[in-house]
Amino acid sequence: YRPSDKAPEVSPLPMLQGGPQAGRVTFGTFNNPAKLSPATVACWSRLLLALPGSRLLLGSQVLTDPLFRSRLRRRFERLGVPRRQLDLRAGVGDHRQHLLRYHEIDIGLDPFPYAGTTTTCESLWMGVPVLTLAGDRHAARVGASILRRLDLDELAAADEADFLARGAALAGDPGRLAALRAGLRRRFLASPLADAR
């Protein structure tokens, strides 16, 4: 992965800053919403419902379409997720502006069974740890493979129950999240993931 030379610095952990989300975890992803399988939406909904103060920030260019945005919102609402826990954002044209959105996310979520790759690297580069579910084939194990290169196997869940448990535990440990965030870019640079050449 070759990070953008326009990437902003890593921000402090959002949940430890002021504002409406102070003390509350923000999960998020900028993966293509086509990857949000029914199983992914159901699992993430259970995580949000287990943490009523949490929110999920989803960003994508396709969310500029009001109909698509409405349909995606309904998928979560049908599973009991209140509107206040969803933050759906249209993509931005400028890459730096896009990367600045990571300043609002405490924990990245990786979709399954088709995991992220570039988006996962981008998230980690911006200091946002990514929780993934390790599946049984290449497309479902990319997240786990990336995390292994960073010695972060603890962020790769074995199944949905494990994913929910790890997500809740991480959300409840801002000290761990802040330490991860502060060291992720350095860790990434020291890993084979940064050896683009």
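To put it simply, the accessible area of segment 28-123 at a 1.4 Å probe is 55 percent carbon and sulfur. Backbone phi angles across segment 9-21, fed through the Karplus curve with coefficients 6.51, -1.76 and 1.60 (θ = phi - 60°), yield HN-Hα couplings of 5, 5, 8, x, 4, x, 5, 9, 9, x, x, x, 9 Hz in residue order; Gly and Pro are listed as x. For segment 118-197, the square roots a ≥ b ≥ c of the C-alpha gyration tensor eigenvalues yield an a/c of 1.5 or more together with a/b not exceeding b/c, which makes the shape oblate. Over segment 20-103, one equal point on each Cα, no solvent: what is log10 I(q)/I(0) by the Debye formula at q = 0.15, 0.22, 0.25 Å⁻¹? Values, matching the q order: -0.53, -1.12, -1.36.
Using the 1.4 Å probe convention, the accessible area of segment 33-188 works out to 43 Å² per residue with neighbouring protein chains retained. Among 125-136, 87-98, 21-32, the peptide with the highest mean count of other Cβ atoms within 10 Å heads the list, and the full ranking is 125-136, 21-32, 87-98. Peptides 189-195, 52-58 ranked from most to least packed give 52-58, 189-195, packing being the mean of other C-beta atoms within 10 angstrom over each peptide's residues. Ignoring everything except DSSP H segments at least 4 long, calculate the 222 nm mean residue ellipticity for the chain; use -39,500 (n - 2.57) per segment, divide by total residues, nearest 500. Per the formula, -12000 deg cm²/dmol.
The values are calculated or read from the model by the stated rules, or taken from the named source; none is laboratory data. Note that the coordinates shown come from a computational prediction; the quantities given were computed from them, not determined experimentally. Using ideal geometry, Cβ is built from the backbone for each residue, glycine included, and neighbour counts are taken over all protein chains shown. When the accessible area is computed, the model is the full protein with side chains, heavy atoms only, and any ligands, DNA or RNA have been set aside. Shrake-Rupley method; radii C 1.70, N 1.55, O 1.52, S 1.80 Å.
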